[in-house]
Amino acid sequence: QLQLVESGGGLVQPGGSLRLSCAASGFTLDGYRIGWFRQAPGKEREGVSCISQGGGITHYADSVKGRFTISRDNAKNTAYLQMNSLKSEDSAIYYCAVQIPRTTVQAMCISRVTDGWGQGTQVTVSS
């Protein structure tokens, strides 16, 4: 069973914070780039942030720069997305995904070039 499982979503007020986790099972994450993507109702899936295998290269969508931080702990086979200063427009289902390294980390996010997805976790930002 090869799985990617997101957790940590929930309901928060504007300005609040959440930390999402993406845990891999059945394979080791260190061979892959990791990305966080989100999809709100009626909108296409958006690349939020992506990170290289070792964590040295990251990319963030302009809409989340300065507020979100992607990280990974290969020893724990887990990736994270720390989300601060949340806005209502951040509300979406958040998915993590992996990519067998190719093209660039930036392209992974912008073009949504991925090789596997989790089931997603709901983030709702509302007062």
Among 56, 81, 39 - extreme Cα towards positive end, dipole of the chain, charges at beta-carbon: 56
Trypsin sites (Lys or Arg not before Pro) within segment 35-127, DSSP loop, no more than 14 other Cβ atoms inside 10 Å: 43, 65, 87, 102
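Could you give the dipole magnitude of the chain about its Cα centre, charging the beta-carbon of Lys and Arg +1 and that of Asp and Glu -1, in debye to the nearest 20?
On the way: 12 positive and 9 negative charges, 21 e Å.
Here the chain has a charge dipole of around 100 debye.
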Solvent exposure of the chain as accessible area per residue, Å², 1.4 Å probe: 49 Å²
Helical mean residue ellipticity (222 nm; -39500 (n - 2.57) per DSSP H run of 4+; nearest 500) of the chain: -1500 deg cm²/dmol
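Based on alpha-carbon atoms only, what is the radius of gyration of the chain relative to the globular estimate 2.2 N^0.38 Å?
0.96
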Estimated inter-spin distance, residue 84 and residue 71, nm [label 7 Å along Cα→Cβ]: 1.1 nm
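What full-extension length gain, to one decimal in nm, is calculated for residue 111 and residue 1 as 0.36 nm per residue of separation minus the Cα-Cα distance?
36.9 nm
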Electrostatic dipole magnitude of segment 50-98 [Cβ: Lys, Arg +1; Asp, Glu -1; Cα centre; debye, to 20]: 120 debye
The chain, accessible surface, carbon-and-sulfur percent (1.4 angstrom probe): 47 percent
Rel. contact order, % - alpha carbon contacts under 8 angstrom, at least six apart, the chain: 36 percent
Those lysines that a straight Cα-Cα span of less than 27 Å connects to residue 76, excepting residues fewer than 8 apart in one chain: 65
Among 21, 88, 49: highest mean-square fluctuation, GNM of the chain, C-alpha pairs under 10 Å: 88
Förster-model FRET efficiency, 30 Å R0, residue 19 and residue 127, C-beta, rounded to 0.05: 0.90
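The values are calculated or read from the model by the stated rules, or taken from the named source; none is laboratory data. Keep in mind that what you see is a predicted model, and the values were worked out from it rather than measured. No Cβ is skipped: glycine too gets one built from the backbone with ideal geometry, and neighbour counts run over all protein chains shown. When the accessible area is computed, the model is the full protein with side chains, heavy atoms only, and any ligands, DNA or RNA have been set aside. Shrake-Rupley method; radii C 1.70, N 1.55, O 1.52, S 1.80 Å.
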